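One structure is given here, and the rest of the page talks about it.
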Amino acid sequence: MVPELTFRRYDAAGAKTIRDTVELIHHEAYAAAIERGDPFESGDAPMKRFDIYTGREGFDLVVAFRDGQPVGQAWGWALGPDSAWWKGLVGDVEPGFTDEDGTRTFAFSEFMVRARYAGRGIGHALHDELLASRKEQRATLLVRPENTTAYRRYTRWGWRKAAELRPAMPHAPLMDVLILPLPLGR
């Protein structure tokens, strides 16, 4: 059962004003990876990525609140014609797969729930809230293949594997590229 949530949506400028909240949610959501010393999730790496992401045209952030406390967040942006999102693809993809015009694909970049609130349906509610108003034809996200919990969740929500990719970022792992048709429910 999903607890009563409120959502707030932020564009890039608004997201920058709540950077501390974004960092708090990330730190608690990825506490185990940070403790293991995962260089992709530790130190200032996640917030450096956040700062880059908020510079993207059409950045869209949704934060979920319960009883006034931030409990999770999800963000992304529409891929433009010069997007670097598809750099690092491994293997072949169907012709036209990476063609972008700013209206075709929404990059569902980050998605996290504070550990103490996990397993309560907040993630699914956040996912749907971010994607519900998107006008693109499809969404894409990257997931580590060994993250079986997230992988199963995404496939239950309609996402399907389309390729593999290693993002052009320091310490980025090999990821599976998942695709979801939009609008939701189509």
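With an 8 Å Cα cut-off and a minimum separation of 6 or more residues, compute the relative contact order for segment 1-74 in percent. Contact order relative to length: 48 percent. Solvent-accessible area per residue in the chain equals 52 Å², computed with a 1.4 angstrom probe and all protein chains kept.
Calculate for the chain the 222 nm mean residue ellipticity that helices alone would give, adding -39,500 (n - 2.57) per DSSP H run of length 4 or more and normalising by residue count, nearest 500 deg cm²/dmol.
After summing the helix terms and dividing by residue count, I get -8000 deg cm²/dmol.
Here, P(r) means the percent of Cα pairs in each 10 Å bin from 0 to the largest distance; for segment 91-186 it is 14, 46, 34, 5, 0. Bridges between two residues of the chain, per DSSP, are antiparallel at a rate of about 90%. The packing ranking, built from the mean of other Cβ atoms within 10 Å per residue, places the peptides 163-173, 77-87 in the order 77-87, 163-173, highest first. Scaling the Cα radius of gyration of segment 1-73 by the globular reference 2.2 N^0.38 Å produces a ratio of 1.16.
In degrees between 0 and 90, to the nearest 10, how far off the longest principal axis of the chain does helix 19-29 point, with axes built from Cα atoms? Around 90 degrees separate the two axes.
About its Cα centre, segment 100-186 has a charge dipole of approximately 340 debye under the convention of +1 per Lys or Arg Cβ and -1 per Asp or Glu Cβ, with nothing else charged. Each Cα pair under 8 Å and six or more residues apart adds its sequence gap; the mean of these over the residue count of segment 1-143 is a relative contact order of 29 percent. Only one item in (1) 24, 19, 17; (2) 26, 20, 14; (3) 26, 16, 15 matches semi-axes √(5λ) of the Cα gyration tensor in Å derived from the coordinates shown, and that item is (1).
Could you please state how large a percent of the accessible area of the chain is carbon and sulfur, counting protein chains only and using a 1.4 Å probe? Roughly 50 percent of what the probe reaches on the chain is carbon or sulfur. Against the chain, whose longest principal axis is taken from its Cα atoms, helix 122-132 shows a tilt of about 50°.
The values are calculated or read from the model by the stated rules, or taken from the named source; none is laboratory data. Because the structure is predicted, anything quoted here is derived from the model rather than measured. As a convention, Cβ positions derive from the backbone with ideal geometry for all residues, glycine included, and neighbour counts pool all protein chains shown. Side chains included, ligands, DNA and RNA excluded: accessible areas come from the protein's heavy atoms. Shrake-Rupley method; radii C 1.70, N 1.55, O 1.52, S 1.80 Å.
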